[in-house]
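Here the structure is laid out as structure tokens; the discussion comes afterwards.
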Amino acid sequence: MASHLYCGRVNLNILREAARKDLREFLDKCSGSKAIVWDEYLTGPFGLIAQYSLLKEHEVEKMFTLKGGRIPSAAVKNIVFFVRPRLELMDIIAENVASEDKLQPREFHILFVPRRSLLCEQRLKEKGVLNSFTNIDEYILDLIPYDGDLLSMESESSFRECYLENDQTSLYHAAKGLMTLQALYGTIPQIFGKGECARHVANMMLRMKREFAGSHTQILPVFDTLLLLDRNVDLLTPLATQLTYEGLIDEIFGITNGYVKLPPEKFAQKKQGEGGKDLPTEPKKLQLNSAEELYAEIRDKNFNALPHMQAARSSLANHTSIAELIKDITTSEEFFDSLTVEQEFMTGVDTDKVSTYIEDCIAQKDPLIKILRLVCMQSVCNNGLKQKVLDYYKREILQVGLLKPQNAMRNNYPTIRKTLKLWMEDANEQNPNDISYVYSGYAPLSVRLTQVLARPGWRSIEEVLKMLPGPHFEERQQVPTGLHKKRQPGENRTTLIFFLGGVTYAEIAALRFLSHMEDSGTEYIIATTKLINGTSWIKSLMDNPEENLS
């Protein structure tokens, strides 16, 4: 089932198997038949670790979604709650337990993911149900393998917590996740980082390493370098519309835990003479990862390069249908106009005045998220908006945490853009020779920093690094004697790049492009707190996105 996890440079199936082993051990603690009550958010991430067949092998007979009232009846000995440590979920669990039939007593267990919480246990105590639980445990699911080169914590609010609420819980989980990786894949000798969050994670890792000195298994290091990168260092990239095939699927339909739900009508199997009767009404759900050869081949291409693909495979029909759905959007005047304005902002055109296009969008009552993405992009490209421009936008729309007034400092973005070559005229979408193809001209700042680190090194861009938020640093970790890697001639280095605050599929595509370049000398494994796009990212910053968007 997970063949795509061990065919890459690093066998990520080792991490998946370790997670499966821990899950089996917990289930076996609750001897006898079981029903699992799921915190709905966890079902997707768990699906990447263990299918229902594994749960059945360990006497799981029923599965329910956590909701108020009574748990549906089930002739089982154990009820096991799989939940995130959130107080509002404890209230629902307390209600479930309190309304249990006293004549048919069952054993209750809680598995907190990814950490136990004393606050949550205190809430259960206040509700008078804490003593009802036979087992209270934690399941440390920090980094989930998504693909052969991709890991995610799927922590949906990590950026908001770090930057708006000053809550560093997700950074602690990131550091713990990196410690787990080092226990399985060896000590990472070199650490580079950029940003405040990166510094915090590195400090926590180094402290944990000192605390567990001598307890680590003797493993030859798989990774040569770790690069920790704050999302805050590059706010522009997630705001831009992704133009790779996978990026556009995520922009338009949303990819969740490796699956996409698509409008069913394009996938109906019509028989001759039947016309359009009985079209399916359920969305078409497809899994998207490199296990499917065709998808692995086309996902990172610029969408404009897809028509030149020829393939006679069974999966082609699905991707032809998806491409048609995307093309309906990308050939529209609305898409073209919005993309034109994005590219003008990226190249520094009229970023210091109210955009007539944004004015029109507001007047036409276009979706709020679309307007916010453009306003935030203008703000980032102008190092904040002029006060009168900001006041105008604030009058017209809600305020978001990414908007700020321009301070007295000069706008450094043009210097950063020119020095790092963030805008490439005539980017080659068909046969790319630069990472800028993923946005048809714009090279993601985050990936350009990664590229320069590999060669010629960050010392060559010291001045630019100082213009970007947060410190930049380098640390070395002592590798046990006899475990130093002896590189063969022509052997690539392996770098783990960890995006703290989220990463887009277009950035992943750009990093894969660098890995495959003949003379790059480095292969990248990507880890992140969350897979994001501009829409999901801005929603995570809003207090009540559903209310504000309705």
Worksheet entry | Amide H within-cut-off set for THR522, under 5 Å, with H built and near neighbours excluded | ARG493
Discussion item. How would region 151-305 be classified by its alpha-carbon gyration tensor: rounded, prolate or oblate, with rounded meaning a/c under 1.5 and the a/b versus b/c comparison settling the rest?
Written reply: prolate
Worksheet item: What number, rounded to the nearest 500 deg cm²/dmol, is the helix-based mean residue ellipticity at 222 nm of the chain, given -39500 (n - 2.57) per DSSP H run of at least four residues and division by all its residues?
Response: -11500 deg cm²/dmol
Fill in: FRET efficiency, 1/(1 + (r/R0)^6) with R0 51 Å, evaluated for LYS418 and ASP101 via beta carbons
0.10
Worksheet item: Among TYR185, TYR259, what's the order by accessible area (1.4 angstrom probe), most exposed first?
Response: TYR259, TYR185
Item to complete: Give me the percent of the accessible area of region 164-215 that comes from carbon and sulfur atoms, probe 1.4 Å, all protein chains in place.
Response: 51
Discussion item. If each residue of separation counts as 0.36 nm, what is the full-extension length gain between ARG476 and GLU25 once their alpha-carbon separation is subtracted?
Written reply: 158.8 nm
Worksheet item: Classify region 398-477: rounded, prolate or oblate, from the alpha-carbon gyration tensor (a ≥ b ≥ c, eigenvalue square roots; a/c under 1.5 rounded; otherwise prolate if a/b is larger than b/c)?
Response: oblate
Worksheet item: How large is ³J(HN,Hα) for each residue in region 114-124, as worked out from phi by the Karplus curve 6.51 cos²θ - 1.76 cosθ + 1.60 (θ = phi - 60°), to whole Hz, x for Gly and Pro?
Response: x, 9, 5, 9, 5, 4, 5, 5, 5, 5, 5
Worksheet item: With a ≥ b ≥ c the root eigenvalues of the C-alpha gyration tensor of region 288-393, is it rounded (a/c under 1.5), prolate (a/b larger than b/c) or oblate?
Response: prolate
Practice prompt. Past 30 Å, Cα to Cα, is the threshold; run LYS353/LYS530; LYS327/LYS530; LYS261/LYS530; LYS21/LYS266 against it and keep the listed order.
Written response: LYS353/LYS530; LYS21/LYS266
Worksheet item: Once the Cα atoms of helix 445-454 and of the chain are each reduced to a long axis, what angle between those two axes, in degrees from 0 to 90 to the nearest 10, is obtained?
Response: 90
Discussion item. Leaving out ligands, DNA and RNA, and with a 1.4 Å probe, what % of the accessible surface on region 280-439 is carbon or sulfur?
Written reply: 49
Item to complete: Counting only C-alpha contacts under 8 Å and six or more residues apart, can you give the relative contact order of the chain as a whole percent?
Response: 18
Practice prompt. Mind giving me the FRET efficiency for ASP350 and THR320? R0 is 51 Å, r the Cβ-Cβ distance, nearest 0.05 is fine.
Written response: 0.85
Worksheet entry | Residue-wise HN-Hα coupling along region 17-25, computed from phi with Karplus coefficients 6.51, -1.76, 1.60 (Hz; x: Gly, Pro) | 5, 4, 5, 5, 4, 4, 5, 4, 4
Worksheet entry | Whole-Hz ³J(HN,Hα) from phi, Karplus 6.51 cos²θ - 1.76 cosθ + 1.60, for region 366-376, glycine and proline x | 5, x, 4, 4, 4, 5, 4, 4, 5, 5, 5
Item to complete: Kindly sort SER355, SER536 by accessible area of their heavy atoms, largest first, with the probe set to 1.4 Å.
Response: SER536, SER355
Item to complete: Using only alpha carbon pairs under 8 Å that are at least six residues apart, calculate the relative contact order of region 137-183 and give it in whole percent.
Response: 31
Practice prompt. Select one label from [x] 201; [y] 250; [z] 187: the one whose number is volume of the Cα convex hull per residue in Å³ as derived from the coordinates shown.
Written response: [z]
Practice prompt. Search the structure for amide H atoms under 5 Å from the amide H of ILE136, placed 1.01 Å from N in the peptide plane, and list their residues when 5 or more places away or on another chain.
Written response: ILE110
Practice prompt. Please report, in debye to the nearest 20, how large the charge dipole of the chain is about its Cα centre when each Lys and Arg carries +1 at its beta carbon and each Asp and Glu carries -1 there.
Written response: 1260
Worksheet item: Under a 1.4 Å probe, what is the accessible area of the chain per residue, stated in Å²?
Response: 46
Practice prompt. Sticking with the crude label model, points 7 Å out along Cα→Cβ, report the distance from GLN122 to LEU164 in nm, one decimal please.
Written response: 2.5
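The values are calculated or read from the model by the stated rules, or taken from the named source; none is laboratory data. Predicted, not measured: the structure shown is a model, and the values here were computed from it. Glycine gets a Cβ as well: all are built from the backbone with ideal geometry, and neighbour counts include every protein chain shown. Note: areas computed on protein heavy atoms with side chains; ligands, DNA, RNA excluded. Shrake-Rupley method; radii C 1.70, N 1.55, O 1.52, S 1.80 Å.
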